[in-house]
Each structure stands twice: as structure tokens, then as C-alpha cells.
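The structure appears right after this line, and notes come after that.
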Amino acid sequence: MILILPISFLLFVSIIGIPLILAQVIVYGIAVALGYVSTTQVIGKKLLMAFRRYNQPMVTEIIWGIILLTLISLVPVLGALVSMIVMTIGIGASWMSRFGEI
């Protein structure tokens, strides 16, 4: 996440890299979205397990995870910090799953 801006700048400097900036933004956006959804699914599963609701559909787990993270993100400072951590974990999970480490 930290290297997105320097890489974009280096791509901007070269003529060949300018079209790759769009590809970088698209790939990064997809990684963030998939990572966020996968992390909310895990959080939702843990939340439902805490309420002793087992074997729920994955969509239900994702919805409950999104609801919980949305409520946490409403807290002024802690919410932004938790959202950044969830996105970082999600991007890492996306990266590891695409390269066969999981």
C-alpha cells in the first residue's frame, strides 16, 4: 500500500508506463475489494460463531462482517485505523492466494 504512489510516479515518468498506471489502479482496486470481502467473511463467521450460529451461508457471514466493520468505522480514530488494517490484511490475503501460498 505504501509503494502505490512511488510506483505510479515511476510509471508516469516513462512513456511506456503511462498506460500501465490505469492497469495498476484497476488491479489495486480489485485486490482491495476482494481482500475486504474475504476479511469481512472471516469476521462475520467469527461473529456468528460467537452467537452460536453455525453453518450459515457465506453471504450471511459477509453481510454481518460488513455490518460490524461499518459500525466500527463510525468510531472517529479507531474506525479509520481498523479499516486500514482490514484492507492491508485483505490485500495480503489476495496476494498470497494468487501466488499459491494458501
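The values are calculated or read from the model by the stated rules, or taken from the named source; none is laboratory data. It should be emphasised that the depicted structure is a prediction, and the values quoted were computed from it without experimental measurement. Neighbour counts are summed over all protein chains in view; Cβ atoms, including those assigned to glycine, are modelled from backbone coordinates with ideal geometry. Accessible surface areas use protein heavy atoms only, side chains included; no ligands, DNA or RNA. Shrake-Rupley method; radii C 1.70, N 1.55, O 1.52, S 1.80 Å.
Of all residues in the stretch 19-61, those satisfying the criterion of being open to solvent by 50 Å² or more (accessible area, probe 1.4 Å) and β-branched (Val, Ile, Thr) are Val25, Ile26, Val27, Ile30, Val37, Val42, Val59. Among residues that are within 29 Å of Phe99 (Cβ to Cβ), touching a residue at least 60 places away in the same chain (Cβ under 8 Å) and either among the hydroxyl-bearing types (Ser, Thr, Tyr) or not in a helix (DSSP H, G or I) (or both), Thr88 is included.
Taking into account only those residues within the stretch 1-18 that are open to solvent by 90 Å² or more (accessible area, probe 1.4 Å) and part of a helix (DSSP H, G or I), which is farthest from Ser73 (Cα to Cα)? Filtering the stretch 1-18 for residues that are open to solvent by 90 Å² or more (accessible area, probe 1.4 Å) and part of a helix (DSSP H, G or I), the one farthest from Ser73 (Cα to Cα) comes out as Val13.
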